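Undergrad: The structure under discussion is supplied below as structure tokens; questions concerning it will follow.
Read-outs: derived from the displayed coordinates by stated rules, not from any lab. Owing to the predicted nature of the structure, the values given are computational and were not obtained by experimental measurement. Note that we place each Cβ from the backbone using ideal geometry, even for glycine, and neighbour counts take in every protein chain shown.
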Amino acid sequence: MSVGDYIRGSQIWKSIFRHPAPVDRRNRIVVMLTNFFLHLHPVSIKQQGIALSYTWCMGGITFFLFLVETITGVLLMFYYRPTLQFAFNDILALRDVTTLGIMREVHRWGAHAMVITVWLHMYRVFLTGSYKPPREFNWVIGVLLLVLTLLLSFTGYLLPWDQLAIWAITVGSNMARATPFLGYEGPGAQLLNIGGYDLITSGSDARFLLLGGRFVSEATLNRFYILHCVAIPLVVSLLIAIHFWRVRKDGGISQPL
Amino acid sequence: MESHLQHNPDLTSSVVFGLGWVYLLLFVMNAAWVRRSFALDGNVRLSLGGLLGKGQEIPVASLWAIYCAMLLMVGVSHLTGSDNAQSFLLRMPEFLKAPINAASNPVAFFVGSTTIFIAMIVFRSVWTTPTAGWVLLNFSLLFMTLSITDYDFRQIVGKPDNVPIVGMLYIVGFFTWLAFKKSTENDRRRAAGKPLIEQENNEKVLTWPDLVYTELICMVVITALLIAWGIVLQAPLEEPASAAKTPNPSKAPWYFLGLQEMLVYFDPWMAGVVLPSVILVGLMAIPYIDFNKLGNGYYTFNERKFAIITFMFGFLPLWVAMIVLGTFLRGPNWNFFSPYEYWDVHKLELLNNINVSEWFWLSVMGQQLPVAPSDAALPVKIGYILLREWLGLVLVAAYLFALPPLMAATVFRKFFMKMGFLRYMVLANLMLFMMSLPIKMVLRWAANLKYIVAIPEWFFNI
């Protein structure tokens, strides 16, 4: 008996995988049903649903990039401290002295790539009419995931705390102060006053809520850090789960039932 | 004397050396293409203006081979010539730069990208052949490599955060090409009564191994690409943040630059809040307003013309092209700069835009804008403002409220009948909001229009 056979015959191995290797038809079916990670997939699938020239694989790549971002992001969180004192210097050290500081490069380029792959995924879904019944609602969830992907990227943009970061966030968040009714330079904001006191001021409008202050400051850094590392990823994970579940329940990625 | 010349320090060895490798990569790609062409393309008759008598049959592949050999020479000369980069001759010639610079402006950019978009649809069966695609790819790559030799172009395109956009252009271009190729093929098959691409070979297969292995390979490739990208290109890190030093230009992250570009034509409450919200709501509404049951699960153009043209117009000229404009062509003070132009902070652009109300009261009526007496009561002041802006308000109201029923009675008659009132109104309003950007652009260029309704007192400018 070879070592490989011994290992595969052991109680430990069998307790983990439950079945022999997927080398024959029966076990190839069974493995899809009994493995947690594989059970996202159906057991069998239409050939066109997995043809690369049809699907472009963009949804799958987007999900994989989300995993890459999660893993590299967690590693970066061990190192990076979101305070005015440390933020910039920690990134500088990641670049210059830290072993595996390349995690920051992978994280940043992965983020850019993810924005692009989300767009291309939507492009493909649109061009193949895959949002048509019965998949209308999954497209809506997809649009929400697009928004959250952009917000993830936007909140992460601030964390290096360099000139590029704070001014990009300043320009972006300046829009919020022009929100109709809720921004202090937005149309209609003047109407919201009680007895002559304005409810919407630079200290109480939508931009203040976003930044935690009247301008991009340490409070903003903290706010964006929590949004970037905890709040948005949690929501994204939930929506991804629903998105995938709906793909299965709606009968695959495309084509009428 | 053109300003970009003075600021143009000569090429550096590392750029020339790097371009050498790009040309060698192009050579390898085209060598593979020569092989393919030799197998598939057959012969072409050449007479060279009577030089070869009645002409001679030569393989098409030989023309590609000549091009390929030239790429090899160019590549090698870059690698050997990189020691003396200052006097290196293979660079974007001035006689190409000058007309491109002269012709570049926001009008030309938008009109040009829209024209390309229309041509793309009209000639979809022409440019989606493999050979046409290959020629386009080579042209765009050569344009890029040549342009890199220009200092000002290199400064902008070479910024670490801008590199993904260049990549995105090629990727979006490729997938647009692929989608059109499949659509035209399917439309041809449908017309001939043959089964579609997606209907052939559509048996059920086991997920293990067919899908699981594809996923594994994809993950490995993406990981390798990301690591290689991370090694070659360092993530940007500028000076430490300083609230006192505002960079000029100040730009949002690149994927929002299409929205930032809209700030040229709209106030922040429209460009930054209302229009993005409408875009998102509009995207979510798509499955509920598209009543066309055809085209579910296969590529087609003919069966869903309206849907595809609308979506692509929104995605390509209005989103991707606006990002390119905002990223590469907008410099200090958000002024427009041509691709090979130095980003001069002191460049002046005349701003002589006028509002509809100014045009009406000053030019048409020949009098001052109506202004309420300073001690007037609030209702009187409001009355004066409404009087001042009456024409703009009427125009906007007509656009939003009179056009939908008008369109329902004319161009969208069939849609209205099929969709019912509510769906149709959603569609019509989304279309109107989408077209508001190009309409405002054209009005700005044609009539120097600033605001249709200008009520700065209430931060209400349209």
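Undergrad: In terms of modelled amide H atoms, which long-range or inter-chain residues lie less than 5 Å from the amide H of B:Thr149?
TA: Under 5 Å from the amide H of B:Thr149 lie the amide H atoms of B:Met92, each far enough along the sequence or on another chain.
Undergrad: Quote the FRET efficiency, to the nearest 0.05, computed for A:Val23 versus B:Ile100 with a Förster distance R0 of 56 Å and r equal to the Cβ-Cβ distance.
TA: Working: r = 60 Å, r/R0 = 1.07.
In this case the efficiency is close to 0.40.
Undergrad: Let me ask another. Please work out the Kirkwood hydrodynamic radius for the stretch B:356-461, using every pair of different C-alpha atoms, and report it in angstroms with one decimal place.
TA: So the Kirkwood estimate lands at 16.0 Å.
Undergrad: Let me spell out the model: positive unit charges on the Cβ of Lys and Arg, negative unit charges on the Cβ of Asp and Glu, origin at the Cα centre of chain A. What dipole size does that give, in debye rounded to 20?
TA: About 1120 debye.
Undergrad: Quick one: length gained pulling B:Asp83 to B:Leu51 fully straight, 0.36 nm per residue minus the C-alpha distance?
TA: Gain in length upon complete extension: 7.3 nm.
Undergrad: State the percent of C-alpha pairs, over all pairs in the stretch B:408-462, separated by a distance greater than 14 angstrom.
TA: Pairs farther apart than 14 Å: 66 percent.
Undergrad: Next up: Could you work out the Kirkwood radius for chain B, taking every pair of different alpha carbons, averaging 1/r and inverting it, reported in Å? Each step should come with its number before you reach the end.
TA: Values: mean 1/r = 0.0372 Å⁻¹.
It is 26.9 Å.
Undergrad: If you put +1 on each Lys and Arg Cβ and -1 on each Asp and Glu Cβ, how big is the dipole of the protein assembly as shown around its Cα centre, in Debye rounded to 20?
TA: Computed about the Cα centre, the dipole is about 2540 debye.
Undergrad: Using the Cα centre of chain B as the reference point, and only Cβ charges (+1 on K/R, -1 on D/E), how large is the resulting charge dipole? Debye, rounded to the nearest 20.
TA: For this selection, approximately 1540 debye.
Undergrad: Name the long-range amide H neighbours of A:Ser44: under 5 Å, sequence gap of 5 or more, or other chain; modelled H, no Pro or chain starts.
TA: The list, which skips near neighbours in sequence, is B:Thr207.
Undergrad: What does the extension gain come out to for A:Arg8 and A:Ala231, with contour length at 0.36 nm per residue minus their alpha carbon separation?
TA: 76.1 nm
Undergrad: Same structure, new question: Can you give me the convex hull volume of the Cα atoms of the stretch A:26-74, divided per residue and expressed in Å³?
TA: Cα-based convex hull of the stretch A:26-74, divided per residue, equals 87 Å³.
Undergrad: Can you check how the C-alpha radius of gyration of the protein assembly as shown compares to 2.2 N^0.38 Å, as a plain ratio? Show your work: numbers first, answer last.
TA: Details: Rg = 28.8 Å, N = 719, 2.2 N^0.38 = 26.8 Å.
Working it through for the protein assembly as shown, the quotient is 1.07.
Undergrad: Moving on to the next point. Cα convex hull of the stretch A:1-121: how many Å³ per residue?
TA: Output value, Cα hull per residue: 185 Å³.
Undergrad: Per-residue HN-Hα couplings for the stretch B:25-32, Karplus 6.51 cos²θ - 1.76 cosθ + 1.60 at θ = phi - 60°, whole Hz, x for Gly and Pro?
TA: For the stretch B:25-32, the Karplus-derived couplings read 4, 4, 4, 4, 4, 6, 4, 4 Hz, x marking Gly and Pro.
Undergrad: Here is a further query. Per q in 0.19 Å⁻¹, report the Debye log10 I(q)/I(0) for the stretch B:70-229, using one uniform scatterer on each alpha carbon and no solvent.
TA: Results for the stretch B:70-229 at q = 0.19 Å⁻¹ read -1.41.
Undergrad: Next up: Given 20 °C and 1.002 mPa s, how large is the Stokes-Einstein diffusion coefficient of chain A in µm²/s, with Rh as the Kirkwood radius over Cα pairs?
TA: 98 µm²/s
Undergrad: In addition: Which lysines, on any chain, are close to A:Lys46 with Cα under 30 Å apart, when same-chain ones fewer than 8 places away are left out?
TA: Reachable lysines: A:Lys132, A:Lys249, B:Lys181, B:Lys182, B:Lys194, B:Lys204, B:Lys293, B:Lys305.
Undergrad: Let me ask something else about it. How large is the helix-only mean residue ellipticity at 222 nm for chain B, computed as the sum of -39500 (n - 2.57) over DSSP H runs with n ≥ 4, divided by its residue count, in deg cm²/dmol to the nearest 500? List each step's numbers first, then the result.
TA: Numbers: 19 runs with 267 residues, N = 462.
The helix-only estimate for chain B comes to -18500 deg cm²/dmol at 222 nm.
Undergrad: In percent, what relative contact order does chain B have, based on Cα pairs under 8 Å that are 6 or more apart in sequence?
TA: Relative contact order for chain B comes out at 16 percent.
Undergrad: Name the residue from B:Leu391, B:Thr310, B:Ser147 whose Cα lies farthest towards the positive end of the charge dipole of the protein assembly as shown, charges +1 on Cβ of Lys and Arg and -1 on Cβ of Asp and Glu.
TA: B:Thr310
Undergrad: Which listed residue (B:Phe301, B:Gly366, B:Val163) has the Cα farthest towards the positive end of the charge dipole for chain B, taking +1 on Lys and Arg C-beta and -1 on Asp and Glu C-beta about the Cα centre?
TA: Result: B:Phe301.
Undergrad: Which Rg and Dmax, in Å, describe the Cα atoms of the stretch B:1-90?
TA: 18.5, 54
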